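For reference, the structure discussed in these notes is given below.
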Ligand SMILES: [Fe+2]
């Protein structure tokens, strides 16, 4: 297996793990009562729905590339699990003992920022992939992740303005 394919497996696994972690994070923040405001909650639930769709799209891409480029889906899945667990630990560390809504929203900014940069990297790697649908799909997810980051940033700004 080429170094390029190994890197691609790693980066796809990380993106997949981040999407899984993003959905778990939203569930966790809501169940801990950190996102109480109705409009905030709707927007964040909506973002979670899109993360689920990204996860499905990535699974499809993994399937395609395992056939066309010889990627190993098992390696990708284990990287995804590892990344999801890491992301969950990062969230616990970030929130600490007594988190509030502002910290929860700022954690979501951090998570979405991580997603944006991972899809930027995957998009750069897509140039070396023969299957051009890969690049197209990665770019469409990237655009949506940029909107997620923007939305989370807006919510963080709105929340602090309310508190101030
Ligand atoms: Fe996202």
Paramagnetic reach from residue 37 (point 7 Å along Cα→Cβ, amide N under 11 Å) across the range 99-121: 101-102, 105
Between residue 10 and residue 154, the two model label points (7 Å from Cα along the beta-carbon direction) sit apart by a distance in nm of 3.6 nm
Limiting things to C-alpha atoms, what are the Rg and the maximum Cα-Cα separation (Dmax) for the chain, in angstroms? 16.5, 55
Between residue 146 and residue 97, what FRET efficiency comes out of the Förster formula 1/(1 + (r/R0)^6) with R0 = 30 Å and r the beta carbon distance, rounded to 0.05? 0.40
Based only on the alpha carbon positions, what is the Kirkwood hydrodynamic radius of the range 105-152, in angstrom? 11.0 Å
The simple spin-label model distance between residue 136 and residue 110, using points 7 Å out along Cα→Cβ, in nm, is 3.8 nm
With a 10 Å radius around each residue's Cβ, average the other Cβ atoms per peptide and rank 62-71, 102-111, highest first. 102-111, 62-71
Contact order normalised by length for the range 32-150, with contacts defined as Cα pairs under 8 Å and 6 or more residues apart; what percent is it? 26 percent
Can you give the FRET efficiency to the nearest 0.05 for residue 78 and residue 24, using r as the Cβ-Cβ distance and R₀ = 22 Å? 0.80
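Taken together, the values in this text are just the output of simple stated rules run on the coordinates, not laboratory data. These numbers were taken from a predicted model, which means no experiment stands behind them. Note that each Cβ is placed from the backbone with ideal geometry, even for glycine, and that neighbours are counted across all protein chains shown.
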